[in-house]
Structures are given as structure tokens and as C-alpha cells.
1. Collect the residues in the range 103-131 that are part of a loop (DSSP other than H, G, I, E, B) and within 30 Å of the chain's Cα centre (by Cα), keeping them in residue-number order.
2. Scan (1) over 21 Å from the mean Cα position of the chain (by Cα); (2) buried (at least 20 other Cβ atoms within 10 Å of the Cβ); (3) in the same structural domain as Lys422 (by TED's automatic domain parsing); (4) in a loop (DSSP other than H, G, I, E, B) for the single condition Thr153 breaks and write down its number.
3. For the range 298-333, name all the residues that are part of a loop (DSSP other than H, G, I, E, B), out of contact with any Leu (no Cβ under 7 Å at 6 or more places or on another chain) and either at pLDDT below 95 or surrounded by 17 or more Cβ atoms within 10 Å (Cβ to Cβ) (or both).
4. Residue check: is Met210 farther than 25 Å from Val408 by Cβ, in contact (Cβ under 8 Å) with a residue 40 or more places away in the chain and touching a helix residue (DSSP H, G or I) at 6+ places or on another chain (Cβ under 7 Å)?
5. Among the listed residues Arg37, Arg61, Arg119, Arg28, identify the single one that is basic (Lys, Arg), in contact with a His (Cβ under 8 Å, 6 or more places away or on another chain) and not assigned by TED's automatic domain parsing to the domain that holds His263.
6. Residue under question is Gly397, and the condition is that it be under 20 Å from Gln280 (Cα atoms), in contact with a His (Cβ under 8 Å, 6 or more places away or on another chain) and either exposed (fewer than 15 other Cβ atoms within 10 Å of the Cβ) or in contact (Cβ under 8 Å) with a residue 40 or more places away in the chain (or both); does it hold?
7. Looking at (1) closer than 30 Å to Leu110 by Cα; (2) surrounded by fewer than 21 Cβ atoms within 10 Å (Cβ to Cβ); (3) of a type outside the set (A, V, I, L, M); (4) more than 23 Å from the chain's Cα centre (by Cα), which one does Arg198 not meet, given that it meets all the others?
8. Answer yes or no: is there a residue in the range 151-173 that is out of contact with any strand residue (DSSP E or B) (no Cβ under 9 Å at 6 or more places or on another chain), among the hydrophobic types (A, V, I, L, M, F, W, C) and modelled with pLDDT of 95 or more.
Amino acid sequence: MYAERRQRLSVRMRDAVALVFAAPETIRNNDVHHDYRQDSDLFFLTGFEEPESALIIAPHRDEGDRVILFLRIRDAEREIWDGHRLGVEAAPTALGVDKAFPIDELPERLPGYLHGATRLYYGLGRDGREAHDQTVLRGLKAARHMRKKGIDTPGDVLDPQPLLHELRLIKDPGALDAMRKAAALTGMGHRRAMAATRAGLRETQLQAAMEYEWLVRGAQRNAYTSIVGSGPNACVLHYRAGSRVLEDGDLVLIDAGCEVDYHAADVTRTWPVNGKFNDQQRALYALVLEAQKRAIDHCRPGRTFESVHDLTVKVLVEGLVELGLLEGEVDTLIEQETFKRFYMHRTSHWLGMDVHDVGSYYLRGTSRSLEPGMVLTVEPGIYVSPDDETVGPEWRGIGIRIEDDVRVTADAPEVLTAEIPKEIADVEALVGSAPLEI
């Protein structure tokens, strides 16, 4: 799978060189590091998870010298502390690369791999990568001395996004397999959270019950920090689970997903703590669900990415007018963006190795058309601020979002997260059915 991805990239590169570095390790506090996660681009091309590594792809070189990995050498003392290292000798066979060298040799070897290339694909200026930038610039300077001898060297340093990130945007079978697994495990977590819900739990306890389900079943990590908001906290878009106690009559909103083999799920569900929506909660939930269903069905080839959001906004605004939360003509309210009091975020983003995945949303200034193999979220919501005195008190503090992961196909869209309950009757039946006892 990784060799095939490298080959597809090589075909697009022609006589260019691509250089991709591992993600840096980051300090959490004192001498403790944050849990390490490899750079998505490097993992996409190699499946290699160690830090302090770099990959060169040079299709213009002779066969057997086109895919080069630089990595840490074996070190018995450090491996006692940090674990096994693959090492230079084992890398070619283990990873299917042509050659491997110690990472310390990259600065001296890089100029040679730039000889004969007309362009270099490398992401200059990325946060925390200043040392890598200097290595690249020095390598380019050294390589360009060979122009006096008639040897081509890169005249341009280009962002890899138009090539590498567009490859990642269209999911191959390996990516889709991982995303389906992540969706299935995420669903187990969300269902457990619904079943465990009862008044008196803290938000963090509900989060722990959910995340246990996917971690114990093989997910490597969360895809992002879980959002678990109860009552008025559900109106805070990026709220982190805290110590607030769930109360009878609250809604709880959970936006959370796990990661499997470096591929993410991203799911939001909203449900009543006591297992029954009240009239206002039910009305807004039904509206958000209707908007989501229509937007999901809209995710078909030829439709633009932007049109998914436009349709969602139209359905939501029509419903808010009908419920009396907005007043005026629907088209005028949309044009004036009055609806942003209640719906202030976009409907979709790409999903894949990164929860907000790579790939352009616009091509030449125009919203791009959806294509088979793309995966995007569909996540409408309505949030009525607890402080909004323009609406009746019965509406205030209600926050609702419903989010699924949708694969565009040649026909009807595939909802990767379809097994996670969201119909009102199904949600009410599940909530509190297996309460978490502390």
C-alpha cells in the first residue's frame, strides 16, 4: 500500500524531488514528552512511526536509489529507555524503501539527491520546523554550486499540497478500511456514553466511559480532544469536558472520535440526560436532524463542497422561522447572515488522517466538486445562548449538533458512522439503559 502511494506520487512529480520530515517530539513538562504521533504525510508514504526521520523521493534517480529513508541508528542504551528502534540496516526490508541512512547524514547527502531535479517539493515555514528549513536551504545552496558543471538543480521550492495532499483527499482502500474501523469503534464509545448517562455524573466521567470503549478495543488514540458539554456547555463549540454535573433536563453534546491506523472518525451526538427530549429540545433536534439528512443525501459527485453548507443553512433558517426564533424572509435572513446567532460554523470539512484533513476546498477560486473517494463530515447544529434574551427562556441554553462521516461514491453517499443512533426514538431508548455506577 505504501509503495503504491509513493509510486502514484512519483508519477505526478516527474523530475522533481520530494522531502518529508517526521513530526517533531514536543515537551509536555520538564523532561516529559507529549505522546508522539507521526507526521501524517510521512506515515501516508511509509507507515513508519519513529521520530527523527525523513523521506526523500527522487524519481529522476537510477532504479534502486529513488526512495531513501533517513532515520535514527540503533542505540542499546537509549532503547532501554525509549523502546526498540528499527535501525538503518533493517529499514529497506521492513519498509520497502530503496536505501536507508542515519538521520545525521541527511545534510551532507541531500545536495546529491537534488542533482538533476528541477523542483523540490517541501513545506517551508511550518510551525516548529525551522531547523528542517535550514537544512533544506543549506542543501539547496550546496546543490546549486553544481550548476557551473551543467548539472540541473531545483530552481523552485514548492508546497507539496497540490500533489501529496490531493492524493490523500481521494481515499484508497487502505485508508477507507482504517476509517471504517475508526467509525465502528467510535460508535461503540458513543453508544456506551448514551447508555451510561444519568443525572449526577460529571462530564469527565461520561468522557471516560466513552473513550474506554474504543481504547480497549484497539483504537490507538483519540482523533482529537473529546468535547463533552452538558446543559449550557453544549453551546460552547470547542468545550472540553469539565467537572460540571449532568442535571435532569439537560442535553449533553458529545463531539468525539477515535483514531485507527492514523485515520480519524469525527462524530457528534446530542441527547437528553433524563432520556426524554422536552418540547423545545425535540423541535430543535428534529430540525437539525432534517437538515443533516438532506445535506448527507446532497453529497454526490458533481455537487460542490460549498453547496452542502448552503443547503444546510436554508433548511435550518426555514425551520427557525417556522419555530419563531427568526423573523423575516428566508432569503434575506440568509443574505444578511442573521442565522449566525444560532448556527455560526460551517457544515463540513474533509476527514482522513487528520480530523480536519488536507485537500483544497476551492480550485481557481471556485468551490470544488465532490468526487468519489472523498470523505467529509456533515455536522449542522443550533446553539441558543443561555444569555439570549431575544428568545423565550424555554429555548435558552439549548445546544444541538449531529455529525456523521460521509464518503462520496459514484451513487448514493456512504455514511461510515450510520450505526450510531440519532433518530429521536432510538436515542431516547438507549439513553440511561446501562447507567454508569461510580
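The values are calculated or read from the model by the stated rules, or taken from the named source; none is laboratory data. Note that the structure is a prediction, hence the values are computed from the model and not measured. Here the Cβ positions follow ideal geometry from the backbone for every residue, glycine too, while neighbour counts run over all protein chains shown.
1. Step one: filter the range 103-131 for residues part of a loop (DSSP other than H, G, I, E, B), giving 115-118, 122-129.
Tyr122, Gly123, Leu124, Gly125, Arg126, Asp127, Gly128, Arg129, listed by residue number.
2. Here Thr153 meets the rest and fails (3).
3. Hit for the range 298-333 is Leu325, nothing else.
4. In short, yes.
5. None of the others qualify; the one that does is Arg28.
6. For Gly397, the condition - under 20 Å from Gln280 (Cα atoms), in contact with a His (Cβ under 8 Å, 6 or more places away or on another chain) and either exposed (fewer than 15 other Cβ atoms within 10 Å of the Cβ) or in contact (Cβ under 8 Å) with a residue 40 or more places away in the chain (or both) - is not met.
7. (1)
8. Yes, because at least one residue in the range 151-173 is out of contact with any strand residue (DSSP E or B) (no Cβ under 9 Å at 6 or more places or on another chain), among the hydrophobic types (A, V, I, L, M, F, W, C) and modelled with pLDDT of 95 or more.
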